[in-house]
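Rule-based calculations on the coordinates, nothing more; no lab input. Bear in mind the structure is a predicted one, so any value in this text is a computation, not a measurement. Neighbour counts are summed over all protein chains in view; Cβ atoms, including those assigned to glycine, are modelled from backbone coordinates with ideal geometry.
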Amino acid sequence: MKYIEDKDTVAITYTGKLDDGKVFTTVTEKNPLIIILGNNDAPPTLEQALLGMAVGDKKIVRLPPEEGFGPRRKELLHTLNRKSFGAKITPVPGIILSLNIEKDGKQHQVPTTILVVNNDTVVVDYNHPLAGHHLNYDLTVTAIDKSC
């Protein structure tokens, strides 16, 4: 039986869940994730968890926010004038919009979540929706070696 070692090419399937059990992603055998261990293709905790596993082995791996989508940052909460949304968009808490921001002299579209809607202002959150969450991966090794 072959066990995963550093520099092996590995195919895995997984279901990603938050601590409350909510599924945020699924990768199936039809299109597995291919990782070359030691190439920083995956977060360090995940790579370490794969070492020593064999095809068919299953494991639950929990990643801290720093290895996922980062911590939630308060400076990414912004209050915008409600009029800046124009007539075509009715801001509602919970919806995700793509807003334009300027960075380094260039315009970028960034996903943002509307948190609070007041008469004259709207509070938006530029953090990734999974920022600040531990990520739990229920993974299965489906192949090991260069032929993944």
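Points to keep in mind about this one:
- Cut-off of 10 Å, at most 15 other beta carbons, DSSP loop: longest stretch of the chain lacking such trypsin sites (Lys or Arg not before Pro): 89-145
- Phi angles of region 105-112 translate, via the Karplus equation with coefficients 6.51, -1.76, 1.60 and θ = phi - 60°, into HN-Hα couplings of x, 10, 7, 10, 8, 10, x, 9 Hz per residue; Gly and Pro are given as x.
- Length gained on full extension, residue 29 to residue 143: 40.0 nm, using 0.36 nm per residue less the C-alpha separation.
- The equivalent ellipsoid that matches the C-alpha gyration tensor of the chain spans semi-axes of 40, 15, 13 angstrom, in descending order.
- Across region 106-135, the residues whose backbone nitrogen lies under 11 Å from the label position 7 Å along the beta-carbon direction of residue 84 are 121-125.
- The charge dipole of the chain, taken about its Cα centre with unit charges on the Cβ atoms of Lys, Arg (+1), Asp and Glu (-1) only, comes to about 540 debye.
- The gain in end-to-end length when the residue 2 to residue 108 segment is fully stretched comes to 33.6 nm, 0.36 nm per residue minus the alpha carbon separation.
- Once the Cβ-Cβ distance of residue 100 and residue 18 is raised to the sixth power relative to R0 = 25 Å, the FRET efficiency obtained is 0.30.
- Over the residues of the chain, the helix contribution to mean residue ellipticity at 222 nm works out to -1000 deg cm²/dmol, using -39500 (n - 2.57) for each DSSP H run of at least 4.
- Cross-linked pairs 22/106; 2/58; 22/88; 22/83: Cα-Cα separations exceed 24 Å for 22/106; 22/88; 22/83.
- Amide H partners (placed H, <5 Å) of residue 116, local residues excluded: 123
- Span from the region 1-63 Cα centroid across to the region 115-148 one, whole angstrom: 17
- FRET efficiency, 1/(1 + (r/R0)^6) with R0 22 Å, evaluated for residue 134 and residue 36 via beta carbons: 0.30
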